[in-house]
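The structure appears right after this line, and notes come after that.
The values are calculated or read from the model by the stated rules, or taken from the named source; none is laboratory data. All of these numbers come straight from a predicted model, not from anything done at the bench. Cβ: placed from backbone, ideal geometry, glycine included. Neighbour counts: every protein chain shown. For accessibility, only protein heavy atoms count, side chains too; no ligands or nucleic acids. Shrake-Rupley method; radii C 1.70, N 1.55, O 1.52, S 1.80 Å.
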Amino acid sequence: MSNYHIKHLEEYYQVYRKSLRNPEAFWEEIAEEHFLWRKKWDRVLSWDFSKPEIKWFEGAQLNITENCIDRHLTTRGEKTAILFEPNDPNDPAEHITYNDLYARVNKFANVLKAQGIKKGDRVCIYLPMIPELAISVLACARIGAIHSVVFAGFSSTALSTRINDSDCKMVLTSDGSYRGSKTIDLKGIVDEALESCPDVHTVLVAKRIHSDINMKSGRDQWLQPLLDNASVDCEAEIMQAEDPLFILYTSGSTGKPKGMVHTTAGYMVYTAYTFKNVFQYKEDDVYWCTADIGWITGHSYIVYGPLANGATTVMFEGVPSYPDFGRFWDIVQKHKVNQFYTAPTAIRALAKQGTELVEKYDLSSLKVLGSVGEPINEEAWHWYNDNIGKKQSPIVDTWWQTETGGIMVSPIPFVTPTKPTYATLPFIGIQPALMDENGQELKGNQVEGRLCIKFPWPSIARTIWGNHERYKETYFSAYENKYFTGDGALRDEVGYYRITGRVDDVIIVSGHNLGTAPIEDAVNEHPAVAESAIVGFPHDVKGSALYGYVTLKDTGESRNHDNLRKEINQIITEHIGPIAKLDKIQFTSGLPKTRSGKIMRRILRKIAHKDTSNLGDTSTLLNPEVVQDIMDNVL
Ligand code: WTA
């Protein structure tokens, strides 16, 4: 049991050093002692960042669902695995025990098989936060199908792009979803998406809102009758360690979304180990992560990490503001939540409401608070610490990415002293490096640079689906022999890390990564638009919001700007989803460009930040006159 559960700071340093001295021996021990293998590995690690090729536990055979479900049945069969809290607080919560989960996953897996899904096939899951979402993810893993969950807030165009990119054979969805007092017609979005997905022949539909939807004959089937007739036994497919477990799309700064591929054994070991330590999970704790399973946080820390530890994991269907802004605290009180993991954008939105709604509830069950998705600002950190944690529950500010699979830099609660806005220390086995502009590693403390990782960890994504070259280009070409994260960071005098934000054209809006290029492409679809540039600007709830500079085609007609703004945002909603809508749209006579025609986003960013004291020399621009014009009309 050594090293699996770290309990004090000295032990952290000891184990951390051990994990660096001999990573293979370290991870081998963790893997040996805490997981169920059908066959052990021949080799712990082989890697070459120049290709890049990374393999963990090669030769091993396993099924991750046997680790997340089967092995708990003898000791925890009647323990709640998934605690489902529905959108409507008056509807009863559902306690899905490990025994129930075993039966429901197996039934679902048998349905998938009966519909022709085999090992290696891709299944697109476009479901709201209802139990079927977690169960279908596990059902895919049970039979070795590769799940590709698409967040159910994405538009039909975004959905079809993702379905086609990984050539999914089947889509799992529902008749609709609840979001506070609203309902969303998910099936309608799927129908629209599938008009451009010729290879999808099967759609299974869960009933949630009981709306009257269109079922296309020969393609669409209701899920429940199929489940009712399925057997509760389903042999787990034996998977190789490096077989893909899932694809999850993330935005890049350019081009189409990247389908990050995570494989089986390393991902399991790392998410389980980080979960145990970062949340200090104890056997009877109730753990709640408020993310959606459509994002990596939900994959790793609602489904796989917690279940691999036999934990009780809460799944919440609704939103923090329904029926009022006390909902999160109501749930914490009702289910006596011990670990609560959310995003800075949610904390800021809740802080805005004051503390009245917090004080109504008993939050004394809370032991650990988590934050993820973007840098947490000082004010939000203190509000969270004072009002939710009552200065008793350490905040774990966890830095990581879709690509990293699991938490990379984070305090270990009750072990690492926290510091507001700092993600603090690298997790066991993680070797960060800060790089300067000349590609040199910055040694020592009190330095700031670009954040890279020097050595592989078990849950690093292995490739981009169908585009290994892009994987290499994006993550392994900026610095030789290092994984480049796309983030900037500083290391303080004691070696704590603070993540300062993206250094590329990805903007994090309410914790969602958005690439500027795809949004600009959508804006440029509007027939009146000549060109556009999008930058981020500070927003008190979203962290960053989007500012669009748009130049219109010169047609001689005058246009109503408010209508144009609505139309542009409508196009964005259709192409990407409402999360990518622009908060501000400024119509400009031109965009500042270099002589080679490159848009000077740096200048546009400064103007949107209302920080024009130091714009640099603009006289060498192709069109310096537009800068003043843009400044005069800034929104
Ligand atoms: C940002 C989410 C500062 C960062 C798990 C990263 C953070 C991107 C933090 C990945 C944090 C995430 N502090 N920044 N604690 N956590 N980020 O892929 O810019 O949705 O590169 O993964 O979010 O977002 P993703």
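In the assembled protein chains, GLU28 presents an accessible area of approximately 70 Å² (probe radius 1.4 Å). Across the chain, Cα pairs under 8 Å and at least six residues apart give a relative contact order of 12 percent. Given 25 °C and 0.890 mPa s, how large is the Stokes-Einstein diffusion coefficient of the stretch 527-635 in µm²/s, with Rh as the Kirkwood radius over Cα pairs? It comes out at roughly 167 µm²/s.
Cβ screening of the chain for cysteine pairs under 4.7 Å finds these without a partner: CYS68, CYS140, CYS197, CYS234, CYS289, CYS452. Once the C-beta distance of THR551 and ASP617 is scaled by a Förster radius of 30 Å, the resulting FRET efficiency is 0.85 to the nearest 0.05. In terms of its C-alpha gyration tensor, the stretch 10-102 comes out prolate, because a/c is 1.5 or above and the ratio a/b outweighs b/c. Give the shape of the stretch 231-311 as rounded, prolate or oblate, defined through the alpha-carbon gyration tensor: a ≥ b ≥ c are the square roots of its eigenvalues, a/c under 1.5 means rounded, and otherwise the shape is prolate if a/b is larger than b/c and oblate if not. Judged from the Cα gyration tensor, the stretch 231-311 comes out oblate (a/c at least 1.5, b/c at or above a/b).
Among the protein heavy atoms, those of SER321 account for about 50 Å² of accessible surface (1.4 Å probe, every chain in place). Close amide H pairs (under 5 Å, H built 1.01 Å from N) link LEU442 with LEU434, MET435, ASP436, residues at least 5 positions away or on another chain.
Of all lysines in the structure, the ones whose alpha carbon falls short of 19 Å from that of LYS107, not counting any fewer than 8 places away in one chain, are LYS118, LYS119, LYS207.
Taking every DSSP helix (H) stretch of at least 4 residues in the chain, weighting each as -39,500 (n - 2.57) and dividing the sum by the residue count yields a mean residue ellipticity at 222 nm of -8000 deg cm²/dmol.
In terms of distances greater than 26 angstrom between alpha carbons, the cross-link table entries LYS390/LYS419; LYS542/LYS610; LYS40/LYS79; LYS256/LYS419 yield LYS40/LYS79; LYS256/LYS419. Under a straight-distance cross-link criterion of Cα-Cα below 18 Å, which lysines are reachable from LYS39, leaving out those fewer than 8 residues away in the same chain? Once the sequence-local lysines are set aside, what remains near LYS39 is LYS55. The string of couplings for the stretch 361-378 from the Karplus curve (6.51, -1.76, 1.60, θ = phi - 60°) is 10, 8, 9, 5, 6, 5, 10, 9, 10, x, 9, 7, x, 6, x, 8, 6, 4 Hz, one whole number per residue in order, with x for Gly and Pro. The convex hull drawn around the Cα atoms of the chain, when projected onto a plane and averaged over every direction, covers 28.5 nm². Counting every alpha-carbon pair across the stretch 11-54, the share separated by more than 12 Å comes to 69%.
Each listed q (0.16, 0.19, 0.22 Å⁻¹) maps to a log10 I(q)/I(0) for the stretch 347-495 from the Debye sum over equal C-alpha point scatterers, namely -0.92, -1.14, -1.37.
Peptides 353-365, 142-154, 93-105, 487-499 ranked from most to least packed give 142-154, 93-105, 487-499, 353-365, packing being the mean of other C-beta atoms within 10 angstrom over each peptide's residues.
Computed over the alpha-carbon pairs of the stretch 154-284, the distance histogram in 5 Å steps reads 2, 8, 13, 14, 15, 17, 17, 10, 4, 1 percent, short to long.
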